[in-house]
1. Grab the DSSP H runs of the chain that are 4 residues or longer, score each as -39,500 (n - 2.57), total them, divide by all residues and round the 222 nm result to the nearest 500 deg cm²/dmol.
2. Would you mind telling me the antiparallel percentage of the DSSP bridges in the chain, rounded to 5?
3. Just rank Tyr91, Tyr28, fewest to most, by other beta-carbon atoms within 10 angstrom.
4. Report the Cα centroid-to-centroid distance between the stretch 36-84 and the stretch 177-229 in angstrom, as an integer.
5. Under the classification rounded if a/c is under 1.5, otherwise prolate if a/b is larger than b/c and oblate if not, where does the stretch 152-205 fall, given a ≥ b ≥ c as square roots of the Cα gyration tensor eigenvalues?
6. When a/c reaches 1.5 or more, the comparison of a/b and b/c decides; with that in mind, is the chain rounded, prolate or oblate per its Cα gyration tensor?
7. Report the local net charge at Ser25: Lys and Arg +1, Asp and Glu -1, summed over other residues whose C-beta lies under 11 Å from its C-beta.
8. Mind checking which lysines have their Cα closer than 20 Å to the Cα of Lys182? Skip sequence neighbours fewer than 8 apart in that chain.
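Values in this text are rule-based calculations from the coordinates and carry no lab data. Keep in mind it's a predicted model, so treat the numbers as computed, not measured. Note that we place each Cβ from the backbone using ideal geometry, even for glycine, and neighbour counts take in every protein chain shown.
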Amino acid sequence: MVTNLKLITKGITERLSSRFPAVFSANYFRKHTESLLVKNELSESELRKFFKGLNCVPIEWNKKPLLQLYSFKEEFELENILSAWTAEKFYLSHYSALYWNNLVEQRPVEHFLSAEITSHKNSADKNPPNPEVIKQVFMKAPRETSNFATFGGMKFVFVERANCGEAGVMELNVSSFKEKLKFQITDVERTLIDCAVAPHYSGGLPTVIQAFLKASLNIEQLSRHYKMQNFLYPYWQSIGFLIEICKGKEIARNWMNNFEKPKIDFYIDRNYRADWSFHKEWKIYFPKNLVPYGD
């Protein structure tokens, strides 16, 4: 029996490194070393000592780490990090999802990852707030999460989401320089909904409009994803307005057929100002320079 821990660790490393992706979580490590324990190739104490010797990816967190990552290697790519995080509870969303769904060309330097909170649900079943309350909310700047991390000059933003059963989340195969990876990511329709709801996480309204222009929309799927999220505010009006200016009235009417006609005034984005234009059919306020028509 080999008793020298360094030799044991070296031998285990050689066996394990070929079985693992370039970057992984502690949970992933535990799951994929269970077979070694079952076969008595590794003891619990050896596993704990070995795990402590792994390279911890030097990610700097603004708060307490949400999910630390590890590696057998000293060099790896951005895609390895995203794949490791989305192998757990997170999925790529907002601008990141726009990029990986080929709806924008500029590669992000801020990467958005969402996680659904089981105890947190949207509240459309409640009585909607009155128009004055909505106006006061949308006059303010949007709230932004303080959960973020940085690594290699990049920022990773972690967004807590209401529980909707991960509606519209899919698996995407990605080829990195050295290996084939998988991401959990929102599909086109879910991505456009998220971007319409939170333009500040999506490159801003001009970028959101460009994404709507480029996307091939499945209205039925868009409606299904939207209704599963049970929004308190009538974001469907914002989405309908964006569909009309980007895809035309006929497709916009198909979208409206899934809802009642707009009853309350709403806003395309936060930071509403009194000089914004108003679209009567969708009852949406929007900045004057956003599109060439209004009242």
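1. The helix-only estimate for the chain comes to -10500 deg cm²/dmol at 222 nm.
2. Close to 65 percent.
3. Tyr28, Tyr91
4. Each part reduced to its Cα centre gives a spacing of 31 Å.
5. Oblate is the answer for the stretch 152-205, as a/c is 1.5 or above yet b/c matches or exceeds a/b.
6. prolate
7. +2
8. By straight Cα distance, Lys182 reaches Lys31, Lys73, Lys89.
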